[in-house]
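The values are calculated or read from the model by the stated rules, or taken from the named source; none is laboratory data. The structure displayed is predicted, hence computed values, not measured ones. Glycine gets a Cβ as well: all are built from the backbone with ideal geometry, and neighbour counts include every protein chain shown.
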Amino acid sequence: MAKKKTAKKRMATAAKMNVGMDVPSLFRINVEVGDLNQAVEFYGRLLGLDGRKQAGSRCYFTCGPVTLQVVDVSSVGKPHPAPKALYFTVKDLDAVFARAKALGCLARDDVHGVSSSTISVRPWGERSFYVEDLWQNPLCFVEAGTVYPG
């Protein structure tokens with residue numbers, strides 16, 4: 001319980017410090033892929049969402065206040081994987097896990113000595129699992145209510 005109070009206290013302090021400031025808001029994350037149609041199918045099934053194809057070989061998936069922009073870069077080169085995992089919070093972690101398992105995209109590495117391909121409670125308290133898309137973009141799904149704000 002002390003951890004929760006400490007995290008809440010830090011968030012409140014940070015919020016007070018930002019009052020009146022023009023704080024940037026993250027609104028779009030970009031991932032590069034090598035086949036847009038395949039990526040739209042993959043992300044649509046994994047996220048349980050319909051994407052919106054856009055001009056410029058891209059598709060948008062609305063993920064709360066942030067849009068996931070999937071961009072096909074195959075006409076100019078090889079996709080670069082995202083440098084670190086993109087984190088999604090979901091209400092029904094088990095349903096997303098089942099979709100990820102059906103897609104065969106569960107990650108194969110360990111996170112703090114525990115397989116990232118299983119739903120686990122991480123040392124920082126988040127209940128999560130990791131996947132990797134066909135272009136090696138790492139993704140993490142975290143159960144709502146367990147998100148650790150730092």
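Return the residues of segment 30-46 that are buried (at least 18 other Cβ atoms within 10 Å of the Cβ) and either among the small types (Gly, Ala, Ser) or in contact with a helix residue (DSSP H, G or I) (Cβ under 6 Å, 6 or more places away or on another chain) (or both); say none if nothing qualifies. Quick ask: steps written out before the conclusion?
The initial filter retains those residues of segment 30-46 that are buried (at least 18 other Cβ atoms within 10 Å of the Cβ), namely 31-33, 36, 39-40, 42-43, 46.
33, 39, 46, listed by residue number.
Could you please let me know if residue 76 is in contact with a helix residue (DSSP H, G or I) (Cβ under 8 Å, 6 or more places away or on another chain) and β-branched (Val, Ile, Thr)?
On the way: in contact with a helix residue (DSSP H, G or I) (Cβ under 8 Å, 6 or more places away or on another chain): no; β-branched (Val, Ile, Thr): yes.
Criteria not met by residue 76.
So how many residues does segment 20-75 have that are among the aliphatic types (A, V, I, L, M) and either within 12 Å of the chain's Cα centre (by Cα) or on the phi > 0 side of the Ramachandran plot (or both)?
Restricting attention to segment 20-75, the residues satisfying the condition of being among the aliphatic types (A, V, I, L, M) are 21, 23, 26, 29, 31, 33, 36, 39-40, 46-47, 49, 55, 66, 68, 70-71, 73.
After this cut, where a residue has to be either within 12 Å of the chain's Cα centre (by Cα) or on the phi > 0 side of the Ramachandran plot (or both) as well, the list is 29, 31, 46-47, 66, 68.
Residues in segment 20-75 being among the aliphatic types (A, V, I, L, M) and either within 12 Å of the chain's Cα centre (by Cα) or on the phi > 0 side of the Ramachandran plot (or both): 6 in total.
Can you name every residue in segment 72-106 that is part of a strand (DSSP E or B) and surrounded by fewer than 17 Cβ atoms within 10 Å (Cβ to Cβ)? Explain how you work it out, then say what you get.
Narrowing segment 72-106 to residues part of a strand (DSSP E or B): 72, 86-90, 106.
Across segment 72-106, the qualifying residues are 87, 106.
Output the residues belonging to segment 107-137 that are at pLDDT below 95, of a type outside the set (A, V, I, L, M, F, W, C) and not in a loop (DSSP other than H, G, I, E, B).
110, 115
Among the listed residues 48, 34, 56, 20, which satisfies the condition of being of a type outside the set (A, V, I, L, M, F, W, C) and touching a Pro at 6+ places or on another chain (Cβ under 6 Å)?
Values: 48 fails: touching a Pro at 6+ places or on another chain (Cβ under 6 Å); 56 fails: touching a Pro at 6+ places or on another chain (Cβ under 6 Å); 20 fails: touching a Pro at 6+ places or on another chain (Cβ under 6 Å).
Answer to the selection: 34.
Within segment 114-140, which residues are free of Cβ contacts under 8 Å to residues at least 60 places away in the same chain and surrounded by fewer than 16 Cβ atoms within 10 Å (Cβ to Cβ)?
Those that are free of Cβ contacts under 8 Å to residues at least 60 places away in the same chain and surrounded by fewer than 16 Cβ atoms within 10 Å (Cβ to Cβ): 114, 115, 118, 119, 121, 123, 124, 136.
Condition (residue is at pLDDT 95 or above, among the basic types (Lys, Arg) and part of a helix (DSSP H, G or I)) applied to segment 49-66: is it met by at least one residue?
Within segment 49-66, not a single residue is at pLDDT 95 or above, among the basic types (Lys, Arg) and part of a helix (DSSP H, G or I).
Out of segment 65-94, which residues are among the hydrophobic types (A, V, I, L, M, F, W, C) and touching a Ser or Thr at 6+ places or on another chain (Cβ under 7 Å)? Walk me through how you get there before you give the answer.
Here is the first cut: in segment 65-94, the residues among the hydrophobic types (A, V, I, L, M, F, W, C) are 66, 68, 70-71, 73, 76, 82, 85-86, 88, 90, 93.
Across segment 65-94, the qualifying residue is only 71.
Return a yes/no flag: does segment 33-40 have any residue that is within 19 Å of residue 130 (Cβ to Cβ), part of a loop (DSSP other than H, G, I, E, B) and touching a Phe, Trp or Tyr at 6+ places or on another chain (Cβ under 9 Å).
From segment 33-40, those within 19 Å of residue 130 (Cβ to Cβ) are 33, 39; that's our starting set.
With the extra rule that they be part of a loop (DSSP other than H, G, I, E, B), the set shrinks to none.
No, segment 33-40 has no match at all.
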